[in-house]
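Notes follow the structure.
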Amino acid sequence: MADEKPLRLLVVAYEFPPSPSPQSLRWSYLTRELVALGHDVHVLAPDHPADGLGLPAIPPGLTVHRCFAGPLMGFLAARARRRRRSAGPPAEPQGQGGAAVAAEVELNWKGRLWHAGLNWKGRMFLRAQRLMEWLLFPDLRGEWKPWAKRRMQALLDEIRPDVVISSHEPATTLELGLMAARRGVRWVADLGDPVLAPYTPRRWHRRAEALEREVCARAECVLVTTDRAAALLARRHGLPADRCAVLTQGYDPAPALPPDGPQDPRFDTGRLELLYTGSFYGFRRHDALMEAVLATPGTRLNIASVKVPDDIAEVARRSPGAIRLLGFMPHLRALKAQRAVDVLVNIANDDPCQVPGKLYEYLGARKPILHLCPDPADPADAAAALLAGTGHGVACRNDARDIARVLRAWRDLKQAGGTVPFVPTPDAAAGHAWPAIAARLDAIIRARHRPEAGSERTPPPSTAPRNDKRMSMRRDAPPSGSEIASLAVIGLGYIGLPTAAMFAASGLRVYGVDISQRAVDSVNQGRAHIEEGDLDALVERGVKEGRLSAHLDPQPADAFIIAVPTPVGHDENHAPDVSYVEAAGRSLAPVLKKGDLVILESTSPVGTTGMLARVMAELRPDLAFPGGDRGPDVHLAYCPERIIPGQMLRELVDNDRIIGGMTPECAKRAAGLYQRFVKGECLLTDDRTAEMVKLTENAYRDVNIAFANELSMICDRLGIDAWDVIGFANRHPRVSILNPGPGVGGHCIAVDPWFIVASAPEQARLIRQAREVNDHKPLHVIAKVEQALAGRPDARIACLGLTYKPDVDDFRESPALQIARTLSERYPGRVLCADPFEAALPHAGLGELDLQLVPAEEAVQSADIVLLLVGHKAFRRLAPGAGKQVMDTVGLWRR
Ligand SMILES: NC(=O)c1ccc[n+]([C@@H]2O[C@H](COP(=O)([O-])OP(=O)(O)OC[C@H]3O[C@@H](n4cnc5c(N)ncnc54)[C@H](O)[C@@H]3O)[C@@H](O)[C@H]2O)c1
């Protein structure tokens, strides 16, 4: 469930301001936006020698933890600091006239020395750098690792982040992310490019690939910048689509541009001014552009780049009127220049699927972009597609004549007093602004952050393909249930009906089957007989379109889902009752045929799916079932349901599914069926494990609620406010106690733990005890009310809420109902009950209850004791007046 509370995030970024690299800018913007979204953001970054001039400001809410960068960079950083201290405030480098940064020793954005005129110290330094560059993985920046590791360990203890995000490059940060994951902290890895990239030195190929594999197996989510990278990771490591997200570079919609100064290049109104910002790599071919500019008088290409290839420098020297080198421009000044020229130039990478980060930056300038590429019509050219989609520019073949033709036309337009055509598609670029990208990142992080009681957790099952016991379906794997055209859902209750309606919406022909005439009639009239968000509309659509119908008997189909009740006995043994499952199996056996798939969804004691197979095998000796001697004709799987009433339709789609096949093929076929609409991950296992998983989930909840309920009873005894105690205790970073309540109800948590107790009574001591604590809580509430009544013999009681949980019309095993009924029986005429869902009582077979039902306001007004039993939204605004004794068992009026 999404948690809207701000999170504590630790971003591990080698490249972070003052480093001026593209990766540093990415995390500078993303952290700024995460802070704006309210998160408590910490960054672990090395000391860096750059001065950070012209970079976006670090926002006040962001905490940067710097640590030693390693011997070489650390030395440079210390020296730069000393120099800055003695030289006073630094001035921005001059951009005019092609002057590059003037300094004795300079670094390119990977931290490598690049300046030619070095003295002997510089040359020694360069040699040391080359040696370390060769020795360290993945490059010189690996020297940070020992210091970063120590600092990281300390930060994990100190700040206890909810999620760690590591920013690649260098790969060192991924190794730090892995370290956090091994300590049980959730980890999102921003990979950008794959670790094993075409530019990875040969000697590091194996190591890079192994690291990449481990990242894909352990990170909660891997972020890449292109679809191509996502596909590559899926191919190489089976990274499923739902653990990989494409998060491109972006642009700042409102950059804090610096005031005008002598550093700003001046642009001519009389000629067509082009600007190229960024590096020239070997995989971006620039010669055609040079040729075209030289062949088009009245145009000038401005280049803002730390270093240009020698041939460009030579042309610029010979033809300064056509090519102007602006040298290194601090980021914000470069953004300013981008907004002042006529045309922004982008040269495609050799791989057309890659979109250079600068293209996104250009979108923010709102100037026409000229994209030079091998083939403008190539559908794989992602940059061309981006321009076509946003209307921010044109793609042109990277050929001197073609480019010159475009430049001539635009130059003539400008010289005739016009402007270069620029008609952006309204709002089309907005999704590429950093706030929009950060919002996507926020959603990814929140989806991965599910708070739990302890900080340690068992890592999720690895999703790499593995043996047939437990494996994950890649979402792009061909679903082996795709041959299924029709489905019968047996049991049209809270689980069966939404499931049937979703499958109908996915295009299957669905036969709903229920022994209740009322359920069948209501579905056939296009109505849901249960209250659940948009379910009514979904049922209506399915029926209208002829894809959903309801029946009293099973109809032949390709697949069957059984979702009938599995109650427990109310005697002291609480024995599970699987007779409904058995009856459902018996009723569908006659219509089974070879190739069918049967899935049990009812929460069941371990072994029930096997029992179902045996029952059907007995009735259909002509068919082979799993567990028999022959390969099965009918496949059987157990797939528990985890949806929560009130959010069922959303959770049906989003939740991960555990799919336990009686054979691996059974599991695969069932997964194929669910993948028609399930966006969560389908995790495959065997039937008995899947049965136990469902019981475990509910027993876990029950035990934790029991702890809160027991605490509340202890506090009552000691005269302490339990809510205060829990609230204060939960401020401990590793404590997360749930809310107490009047007891535990519903068809799942109050029931399923008994299945475990019944199957292993000797071992399930804590689980049994928790059940008993929770079952005792309504009696405790009743006793408290009676205590209050002892001194006020005529007092009237308002019981607010009867359902087992807020905002659903479900009364099964409801402790609120139990309390209201007991008090009504014991104090006839003095108990007033109210529930916004009271109309559903007759349908729940509770129409005959001897309860005095009144509107909630009336109950509160006439009562002396107001007992709040369910936190329905409708009760939030009720205000019991002065003089009334309020017993809020759920803490609704405290929130
Ligand atoms: N409701 C939940 O929130 C929830 C969540 C997870 C799992 N489950 C589990 O799913 C299963 C179904 O729960 P539910 O809440 O949908 O129950 P439900 O009582 O709402 O619905 C069950 C339906 O099955 C019908 N039925 C009973 N026997 C039948 C038969 N032989 N043939 C055809 N129909 C038959 C009943 O008439 C009823 O309409 C249970 O095992 C439950 O524990 C429920």
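Tell me, yes or no, whether the stretch 813-829 has at least one residue that is polar (S, T, N, Q) and surrounded by fewer than 20 Cβ atoms within 10 Å (Cβ to Cβ).
First, the residues of the stretch 813-829 that are polar (S, T, N, Q): 814, 818, 822, 824.
When the remaining residues are screened for being surrounded by fewer than 20 Cβ atoms within 10 Å (Cβ to Cβ), the result is 822.
Scanning the stretch 813-829 turns up at least one residue that is polar (S, T, N, Q) and surrounded by fewer than 20 Cβ atoms within 10 Å (Cβ to Cβ).
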In the stretch 558-594, which residue that is within 20 Å of ILE749 (Cβ to Cβ) and in contact with an Asp or Glu (Cβ under 6 Å, 6 or more places away or on another chain) is farthest from the ligand (Cβ to nearest atom)? PRO567
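Just to be sure, is GLY512 small (Gly, Ala, Ser), closer than 22 Å to LEU612 by Cβ, in a loop (DSSP other than H, G, I, E, B) and at pLDDT 90 or above?
Values: small (Gly, Ala, Ser): yes; closer than 22 Å to LEU612 by Cβ: yes; in a loop (DSSP other than H, G, I, E, B): no; at pLDDT 90 or above: yes.
The answer is no for GLY512.
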Every residue in the stretch 770-807 that is among the charged types (D, E, K, R), under 27 Å from GLY845 (Cα atoms) and assigned to a helix (DSSP H, G or I), please. ARG771, GLU772, ASP775, LYS777
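Assess whether VAL308 counts as being of a type in the set (A, V, I, L, M), in contact with a strand residue (DSSP E or B) (Cβ under 8 Å, 6 or more places away or on another chain) and open to solvent by 20 Å² or more (accessible area, probe 1.4 Å).
Values: of a type in the set (A, V, I, L, M): yes; in contact with a strand residue (DSSP E or B) (Cβ under 8 Å, 6 or more places away or on another chain): yes; open to solvent by 20 Å² or more (accessible area, probe 1.4 Å): yes.
Yes, satisfied.
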Quick check on ARG614: is it within 16 Å of the ligand (Cβ to nearest atom), open to solvent by 40 Å² or more (accessible area, probe 1.4 Å) and not in a loop (DSSP other than H, G, I, E, B)? no
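Scan the stretch 643-669 for residues that are within 16 Å of the ligand (Cβ to nearest atom) and in contact with a strand residue (DSSP E or B) (Cβ under 8 Å, 6 or more places away or on another chain) and report the count.
Filtering the stretch 643-669 for residues within 16 Å of the ligand (Cβ to nearest atom) gives 643-660.
Narrowing further to those that are in contact with a strand residue (DSSP E or B) (Cβ under 8 Å, 6 or more places away or on another chain): 656-660.
Going through the stretch 643-669 one residue at a time, the tally reaches 5.
Which of the helices (runs of 4 or more DSSP H) found entirely inside the stretch 329-427 contain at least 2 residues meeting this: open to solvent by 20 Å² or more (accessible area, probe 1.4 Å) and at pLDDT 95 or above? Lay out the reasoning, then the answer.
Numbers: elements: 331-340, 357-365, 382-390, 400-415.
The helices (runs of 4 or more DSSP H) meeting that bar are 331-340, 400-415.
Residues that are basic (Lys, Arg): find the strands (runs of 3 or more DSSP E) completely inside the stretch 130-234 holding 3 or more of those. So that I can check it myself, show each step before the final result.
Working: elements: 163-167, 186-192, 221-224.
Filter on the stretch 130-234 gives an empty set.
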Hits in the stretch 768-779 - residues which are buried (at least 24 other Cβ atoms within 10 Å of the Cβ) and either within 16 Å of the ligand (Cβ to nearest atom) or farther than 15 Å from GLN818 by Cβ (or both): ALA770, ARG771
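Sort out which residues of the stretch 492-521 are near the ligand (Cβ under 8 Å from one of its atoms) and open to solvent by 10 Å² or more (accessible area, probe 1.4 Å), and write them in order of number. Steps first, answer last, please.
Restricting attention to the stretch 492-521, the residues satisfying the condition of being near the ligand (Cβ under 8 Å from one of its atoms) are 492-497, 513-516, 519.
Listed by number, the residues that qualify are GLY493, TYR494, ILE495, ASP514, ILE515, SER516.
Looking at PRO645, PRO640, which is the one that is within 30 Å of PRO556 (Cβ to Cβ) and assigned by TED's automatic domain parsing to the domain that holds GLY607?
On the way: PRO645 fails: within 30 Å of PRO556 (Cβ to Cβ).
That would be PRO640, the only listed residue that is within 30 Å of PRO556 (Cβ to Cβ) and assigned by TED's automatic domain parsing to the domain that holds GLY607.
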Looking only at the stretch 412-439, which residues are under 14 Å from GLY393 (Cβ atoms), touching a Lys or Arg at 6+ places or on another chain (Cβ under 9 Å) and in contact (Cβ under 8 Å) with a residue 60 or more places away in the chain? VAL420, ALA429
Report every pair of residues separated by at least 6 positions or lying on different chains whose Cβ atoms are under 7 Å apart, first residue within the stretch 52-81 and within 25 Å of ARG8 (Cβ to Cβ), second open to solvent by less than 30 Å² (accessible area, probe 1.4 Å) and among the hydroxyl-bearing types (Ser, Thr, Tyr). LEU55/SER28; PRO56/SER28; PRO56/TYR29; LEU62/THR31
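The values are calculated or read from the model by the stated rules, or taken from the named source; none is laboratory data. Remember, it's a predicted structure, so these values are computed and weren't measured experimentally. A quick note on method: Cβ atoms are made from the backbone with ideal geometry, for glycine too, and the neighbour counts reach across all protein chains shown. Only protein heavy atoms, including side chains, enter the accessible area calculation; ligands, DNA and RNA are left aside. Shrake-Rupley method; radii C 1.70, N 1.55, O 1.52, S 1.80 Å.
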